[in-house]
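Encoded as structure tokens, the structure appears first; notes follow it.
Only the coordinates and a few stated rules stand behind these numbers; no lab work does. On a predicted model such as this, the values are computed, not experimentally measured, just so you know. In this analysis, Cβ positions are derived from the backbone assuming ideal geometry, glycine residues included, and neighbour counts consider all displayed protein chains.
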Amino acid sequence: MSLPPLDEPAADLSVDEVKRYSRHLIIPDVGMAGQKRLKNAKVLVVGAGGLGSPALLYLAAAGVGTLGIVDFDTVDESNLQRQIIHGVSDVGKSKAESAKESIAEINPYVKVILHTDRLDSSNVMDIFAPYDLIVDGTDNFATRYLVNDACVLLHKPYVWGSIYRFDGQASVFWADYGPCYRCLYPEPPPPGMVPSCAEGGVLGVLCASIGSIQVNEAIKLIAGIGEPLAGRLMIYDALEMTYRTVRVNKDPDCAICGTNPTVTELIDYDAFCGAVSEEAAEAVVGSTISAKDLAAMLDRGDNIYLVDVREPNEYEIVSIPGATLIPKGEFLNGSALEKMPQDKQIVLHCKSGARSAEVLAVLKNAGFSDAVHVGGGVLAWVNQVDPSLPTY
Ligand SMILES: [Zn+2]
């Protein structure tokens, strides 16, 4: 299926622009008309993070005339492993601002518009409306569904990408011509079922692999060339080094783009990263201690059994002295329960308190009624008790 070009060609290119884009201009399928369409294009990139970094850099270099950036976050040292649009001197600065500066250095002909509010149901329509195309570089389900639903309601195409460890996926969703994200994944997973940010991890270069596919598709849509990834899902395995595509059909019963939609307005889902299930939210009430409380218990030599429910590689980065590592999965499958002492109070912790809350619910169900967890996890420990330790 080929699609009509998203943009009309701009009136002209300056002499400098012709020089700059000459390697595009001599490709027959792009040519002067295609480059002028890029110049006229208005593309919004949601997230100036892992996927947004390479996407913004290549969209700018390609000569997309107007680039919008949605990001409310600031640059952190731990971003630099993959978010290559930011540098050491940008740490602490707004990601949107930092990205804008990098783009100006690559291509001063690009007009950059910054949107530094957190995207939600109240502002997404206004922010998206002026753009021809959205590139979704978000890393959480709440924003992903918001982007999809807004694009369906506004009849706009968007290029989606997702990354996890060594695995990447990408597709083009345009409900007017094919399936949307909900046709593929109808509902977000319930809170507590999603691995928290800390459990995930991503190979830095995977961002470039998937981000460049997204830019490739954006350019094709703008210029109206090639076979867009609409109706197909690209699945990339960096360890096996395989790319495969599977067909995605439009679901006539889709909740938003189907014939009788049930989602007729935008939904603000909970921020999933770190959100916990109802059982966990209940379990922590009255059973949460602070990192300082834990330090005092350890100092006094209280009769406690301190359990770190993170993964072994996280434990290797930083751990609380005296903690026994038993990953969350062993509690969920029940195998850890027999290791729990009956004569000691169990104190759980993880990175930030979400996973330990889930495990606390399991323990309370199993009868360990005096078990507690450390609010804020190992991050709080570093912050409040031992700032000499590393964080991640
Ligand atoms: Zn749909």
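Annotations
- Rounded to 10°, Cα long-axis angle of helix 204-223 versus longest principal axis of the chain: 30 degrees
- Within-13-Å neighbourhood charge of Pro4 [Cβ basis; K, R +1; D, E -1]: -2
- Every Cα-Cα pair in the stretch 133-262 was counted, and those over 26 Å apart are 20% of them.
- Rg ratio (alpha-carbon, reference 2.2 N^0.38 Å) - the chain: 1.12
- Comparing Glu338, Glu77, Glu279 in a Gaussian network model of the chain, where Cα atoms under 10 Å apart are tied by springs, the biggest mean-square fluctuation is seen for Glu338.
- Dipole orientation for the chain: of the candidates Val263, Leu239, Gly367, Leu239 has the Cα lying most toward the positive pole (charges on Cβ; Lys, Arg +1; Asp, Glu -1).
- Helix 291-300 and the longest principal axis of the Cα set of the chain meet at an angle near 30°.
- Rg/Rh ratio calculated on Cα atoms of the stretch 1-136 (Kirkwood radius): 1.00
- Listed residues Val378, Val75, Val246, most fluctuating in the chain (Gaussian network, C-alpha, under 10 Å): Val246
- Value in Å of the Kirkwood radius, where the stretch 206-301 supplies the Cα pairs that are averaged: 19.2 Å
- Nearest-ten-degree value, helix 141-154 long axis tilted from longest Cα axis of the chain: 30 degrees
- When you work out D = kT/(6 pi eta Rh) for the stretch 75-182 at 4 °C and 1.567 mPa s, using the Kirkwood radius from C-alpha pairs as Rh and the Stokes-Einstein form, the result is 84 µm²/s.
- Computed from the Cα positions only, the extents of the stretch 255-339 along the three principal axes stand at 64, 27, 26 Å, in decreasing order.
- Over the stretch 261-340, Cα pairs under 8 Å with separation of 6+ residues give a relative contact order of 19 percent.
- Residue of Ile210, Ile134, Ile113 that the Gaussian network model of the chain assigns the largest fluctuation, springs spanning Cα pairs under 10 Å: Ile113
- Cα point-scatterer Debye curve for the stretch 236-392, base-10 log of I(q)/I(0) at q = 0.20 Å⁻¹: -1.19
- The radius of gyration of the Cα set in the stretch 9-86, together with its Dmax, comes out at 14.8, 43 angstrom.
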